[in-house]
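Colleague: Below: one structure in C-alpha cells.
The values are calculated or read from the model by the stated rules, or taken from the named source; none is laboratory data. The shown structure was predicted, so the numbers you read here are calculated from the model rather than taken from an experiment. Note that we place each Cβ from the backbone using ideal geometry, even for glycine, and neighbour counts take in every protein chain shown. Only protein heavy atoms, including side chains, enter the accessible area calculation; ligands, DNA and RNA are left aside. Shrake-Rupley method; radii C 1.70, N 1.55, O 1.52, S 1.80 Å.
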Amino acid sequence: MNLLGVEVLKTVQGALGAFEMPGMVVAATRGDEAAETLVVGVDDAGLPLARDSLFPVASVTKLATALAVL
C-alpha cells in the first residue's frame, strides 16, 4: 500500500461507516492505468468486493444528463 497509504484506508473506512455503505473500491492512477487499488467491504449481496467489481451508476446519470442539457 504505497500510493494508497494507511490514512486513505482510515478515510475510506470512516466514509463506509458515515454513509452506511457496504464497501468501496478506490484506485490511484498513473496516466490511464490503475497504479494501485484499495478494496474494502462487501457488495449488496454480502460478497467480498474485488478490484474488478461492477457498480451500478444509478442516479449519477441524472446529473450527467442535466449538465449536458445546460
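Colleague: Quickly estimate the mean residue ellipticity at 222 nm for the chain, helices only: each DSSP H run with n ≥ 4 gives -39500 (n - 2.57), and the total goes over all residues, rounded to 500. Show your work: numbers first, answer last.
Modeller: Details: 2 runs with 23 residues, N = 70.
Computed mean residue ellipticity for the chain: -10000 deg cm²/dmol.
Colleague: Further question: Looking at the chain as a GNM with Cα springs under 10 Å, which of Pro48, Pro56, Pro22 has the largest mean-square fluctuation?
Modeller: Pro56
Colleague: Something else: What does the accessible area per residue of the chain come to in Å², with a 1.4 Å probe and no ligands, DNA or RNA counted? Provide the component values of the computation, followed by the final result.
Modeller: Values: 5440 Å² over 70 residues.
In whole numbers, the chain has 78 Å² accessible per residue.
Colleague: Same structure again: From the residues Ala28, Ala45, Ala64, which one has its Cα farthest along the dipole of region 19-66 in the positive direction, the dipole being from +1 and -1 charges on Cβ of Lys/Arg and Asp/Glu about the Cα centre?
Modeller: Toward the positive end, the furthest listed residue is Ala64.
Colleague: Using Cα pairs closer than 8 Å and at least 6 residues apart in sequence, work out the relative contact order for the chain, in percent. Could the numbers behind the result be given before it?
Modeller: Values: 64 pairs, mean separation 16.3, N = 70.
Relative contact order for the chain comes out at 23 percent.
Colleague: Please give me the summed charge of the neighbours of Glu36: other residues whose Cβ is under 12 Å from its Cβ, Lys and Arg +1, Asp and Glu -1. Please list the in-between numbers first.
Modeller: Values: positive: Arg30, Arg51; negative: Glu33.
My count for the surroundings of Glu36 gives +1.
Colleague: Oh, and also: Which of Gly31, Gly14, Gly41 moves the most in a Gaussian network model of the chain with Cα springs under 10 Å?
Modeller: In this elastic network of the chain, the residue with the biggest mean-square fluctuation among Gly31, Gly14, Gly41 is Gly31.
Colleague: Using a probe of 1.4 angstrom, how much of the accessible area of region 16-70 is carbon and sulfur, in percent? Write down the numbers at each step before the final one.
Modeller: Working: 2710 of 4360 Å².
Answer for region 16-70: carbon and sulfur cover 62 percent of the accessible area.
Colleague: In addition: When the scattering of the chain is computed by the Debye formula from its Cα atoms alone, each counted once and equally, what is log10 I(q)/I(0) at q = 0.18, 0.19, 0.20 Å⁻¹?
Modeller: Debye output, listed in q order: -0.84, -0.91, -0.96.
Colleague: Placing +1 at every Lys and Arg Cβ and -1 at every Asp and Glu Cβ, with all other atoms neutral, what dipole size does the chain have around its Cα centre, in debye to the nearest 20?
Modeller: Working: 4 positive and 8 negative charges, 30 e Å.
Once rounded to the nearest 20, the dipole reads 140 debye.
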